[in-house]
Amino acid sequence: MFLSIASLLAILEIPLFNDVINMEFSLIAVFISRRYIGLLNSVIICFVYPWFSIFGPNGNPVGALFLLLQSIFVLFIDYIFNKNNYSFLGIILVIILGTIWSMIINGLVIAPIFTGGFDESLTWMIIALIFNPFKFLIIYLLTLPLYKGLEKTINSNNNEEGNLN
């Protein structure tokens, strides 16, 4: 289920600038899956779902590679800093470290593949520095109420089942 949701969200990306910067929300499914099916299963999802982004409006293998590298790293740092509960500090640390990682993979992997060299790497790193904090903030602003709602529903269902026995 989480793989399907992440894949669909990767396909439904919103192109923002010149078919290069896209807003997609697949990390929401990845963050929630980590809490419900565990870290290892979520890592497997991270290896599979990015390749579905190829079928999106601006899909390409390089974008899928970026999603793969970004999602695995962000999943692990979210696990480290927000293992049991989301905290303000944990979210801020994930945003900062996720942005730094996005700058690195944009500058050292993605830009050279797209441009054939490192000439535009700094530009791509600056774009990542500006765009990714907003992306991660939006992802968390959407993840938190969804997670809380799911948690409340599951707890409610568990209580109802417990009362029937």
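With respect to the conditions (1) under 25 Å from GLY149 (Cβ atoms); (2) open to solvent by less than 10 Å² (accessible area, probe 1.4 Å), ILE11 falls short on a single one, namely (2). In summary, ASN84 fulfils each of the numbered conditions (1) touching a residue at least 12 places away in the same chain (Cβ under 8 Å); (2) open to solvent by 50 Å² or more (accessible area, probe 1.4 Å); (3) in a loop (DSSP other than H, G, I, E, B) with the single exception of condition (1). Taking the range 91-126 as the range and being among the small types (Gly, Ala, Ser) and in contact (Cβ under 8 Å) with a residue 12 or more places away in the chain as the test, the residues that pass are GLY98, SER102, GLY107, ALA111, SER121. Taken together, the criteria place ASN159 among residues that are at pLDDT below 90 and of a type in the set (S, T, N, Q).
Based on this model, can you work out whether ALA29 counts as among the hydrophobic types (A, V, I, L, M, F, W, C), in contact with a helix residue (DSSP H, G or I) (Cβ under 8 Å, 6 or more places away or on another chain), surrounded by 14 or more Cβ atoms within 10 Å (Cβ to Cβ) and modelled with pLDDT under 95? No; evaluated as a whole, the condition is false for this residue. Quick check on ILE138: is it in contact with a helix residue (DSSP H, G or I) (Cβ under 9 Å, 6 or more places away or on another chain) and open to solvent by 10 Å² or more (accessible area, probe 1.4 Å)? No, not satisfied. Please find, among TRP101, TRP124, the residue that is open to solvent by less than 40 Å² (accessible area, probe 1.4 Å) and of a type in the set (Phe, Trp, Tyr). The unique qualifying residue is TRP124.
The values are calculated or read from the model by the stated rules, or taken from the named source; none is laboratory data. From a predicted model like this one, the values you see are computed outputs, not experimental measurements. Ideal geometry is used to build each Cβ from the backbone, glycine not excepted, and the neighbour counts take in all protein chains shown. We work out accessible area using only protein heavy atoms, side chains counted, and drop any ligands, DNA or RNA first. Shrake-Rupley method; radii C 1.70, N 1.55, O 1.52, S 1.80 Å.
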